[in-house]
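Engineer: Input: one structure, supplied below.
The numbers here are math on the coordinates, done by the rules we state, and not lab data. Given the structure is predicted, the values throughout are model-derived calculations rather than measurements. Neighbour counts run over all protein chains shown; Cβ positions are idealised from the backbone, glycine included.
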Amino acid sequence: MHIFYRQIALPLCLCLFCCFSSAFAEEDFSFDLEEFEKKSLSWSGYMEMKGEHMDINEQGAFAWLDAYQRPRSTSDRATGTIQLEGNFNKSIVDFNWLIQAYGQQDQRQWANDAVIFDAYASIKPTPLATLELGKKVFKWGKGYAWNPVGFIDRVKDPNNPEEAMEGYTGVGLDLIKSYAASPLQTVALTAVALPVWRGVNEDFGAEGNINLASKLYLLYRDIDIDCIFFTGNSRTTRYGVDFSTNLASNFEIHGELAHIPRQKRKVLTTAQTVETQWFAETSYLLGFRYLSKHDITSIIEYYHNDHGYTVEEFERFYDLVAQANDLYARTGDTSLYQRANQVARGAYGQPQSGRNYLYVRVTQKEPFDVLYFTPGCTAIVNLDDESFSLSPEAVYTGLTNWEIKLRFSLLHGSAVSEFGEKINKNKVELRIRYFF
């Protein structure tokens, strides 16, 4: 497989790139009304090359877990990605797809994969009803960086919340009704059946079940409201509500509230044993988006994650890793490291696994009249231990169909804080993306 990607797939991507480039360069553009008609088949995508350099936080808990047998001070990684998305329309049927493949090389190994993110058919027999079958990202929730009510979606990466995600396979039905001259302008009901079988949605939860989710959407006096319900044996029953509205043309507020009456999580006790606890969980998010007259866009969100760990619970985990490192240095015994790795997987090692966070993102379009240039900065703060990540960036789109993005991320925190114990203490990332 490795030989295929290196000797065949990568040259093929280069050939495709050259073909697209020459086609665009030689094409004679003309005005044709037929080009504005809806086509049965439409598709697009991008090819990307990304380089990353990280300075390893050599005294951090997760750096020890990752490389206690082969410690390193830096890490370099190169990634090539191709993404294709499209739509085929025939009468009342739309077929949509989104596919992504990548190859990645760092100092340790070569990795590659191809994933179908979306592949579903949408059947619309009447304007009031739509039936969807297949794999889809549902995008429930109003939050930008987090979605507590996204019960049937994968968790976003707050550092890249707009990037494509992999969906789940299911069957959905949308019913919609609009009302004229009424404060309640629109009502829509979405119902989804989500199976979990061997080979189908295996990472969603317990196998051998069909789960049900529903969303009631209301547009009331220019306020978007969703009421969300999920039940099934793969995950426990949960309830959610969200809203968004514009207080002015350039000022939007949004929020989400999720309640899970019975939820479990793994906790490391004071005796350093892993205990499964059941509890009621209520998580919520409140945020706003503001566009100034100088084209500065500000997004601020506060997120309370009731499923997260307290500062004291994090300290127990970091203490376990420190003991594992000391035992390994003295005797070569890896037993404590093995236990710590088990605790980290699916629990303490998850992104944003604390309780309270603040997200701030500020971007400005073409400052000082520098065309096609958009600088910005993103901060994610753990409000409980006061650690944070700060990521200034610059994006340039002055070349047709190209996007160049440079970003630097700095992680800061005390020795027993979330960002102070991450695997890296900073990262430089250069991304070059060609759209077609």
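Engineer: Condition first: farther than 15 Å from R433 by Cβ and aliphatic (A, V, I, L, M). Now tell me which residues in the range 71-87 satisfy that.
Structural biologist: First, pick out the residues of the range 71-87 that are farther than 15 Å from R433 by Cβ: 71-77, 86-87.
Hits for the range 71-87: nothing passes.
Engineer: Moving to a separate point now. Pairs please, first residue from the range 112-123 and farther than 13 Å from E166 by Cβ, second anywhere and polar (S, T, N, Q) and surrounded by 14 or more Cβ atoms within 10 Å (Cβ to Cβ), Cβ atoms under 9 Å, 6+ apart in sequence or on different chains.
Structural biologist: As it stands, the answer is N112/Q104; A121/N96; S122/N96; S122/T130; I123/T130, since those pairs meet every condition given.
Engineer: Of everything in the range 158-200, what is in a loop (DSSP other than H, G, I, E, B), among the aliphatic types (A, V, I, L, M) and either within 23 Å of W146 (Cα to Cα) or touching a helix residue (DSSP H, G or I) at 6+ places or on another chain (Cβ under 8 Å) (or both)? Give them in sequence order. Steps first, answer last, please.
Structural biologist: At the first step, the residues of the range 158-200 found to be in a loop (DSSP other than H, G, I, E, B) are 158-167, 179-183, 198-199.
In the following step, the residues that additionally are among the aliphatic types (A, V, I, L, M) were identified as 164-165, 180-181.
Across the range 158-200, the qualifying residues are A164, M165.
Engineer: How many residues are of a type outside the set (S, T, N, Q), within 20 Å of the chain's Cα centre (by Cα) and within 17 Å of K136 (Cα to Cα) when one looks only at the range 75-92?
Structural biologist: Qualifying residue count, the range 75-92: 2.
Engineer: Only strands (runs of 3 or more DSSP E) wholly contained in the range 218-315 count here; list those with 1 or more residues that are closer than 30 Å to G420 by Cβ. Break it down stepwise before answering.
Structural biologist: Working: elements: 223-231, 238-248, 251-268, 274-291, 296-304.
Fully inside the range 218-315 and qualifying: 251-268, 274-291, 296-304.
Engineer: For the list (1) aliphatic (A, V, I, L, M); (2) touching a strand residue (DSSP E or B) at 6+ places or on another chain (Cβ under 6 Å); (3) surrounded by fewer than 19 Cβ atoms within 10 Å (Cβ to Cβ), I need the number of the one condition that V155 fails.
Structural biologist: Result: V155 passes all but (2).
Engineer: Where residues in the range 181-230 are within 26 Å of the chain's Cα centre (by Cα) and aromatic (F, W, Y), which of them is surrounded by the fewest Cβ atoms within 10 Å (Cβ to Cβ)?
Structural biologist: Checking each candidate, the answer is W197.
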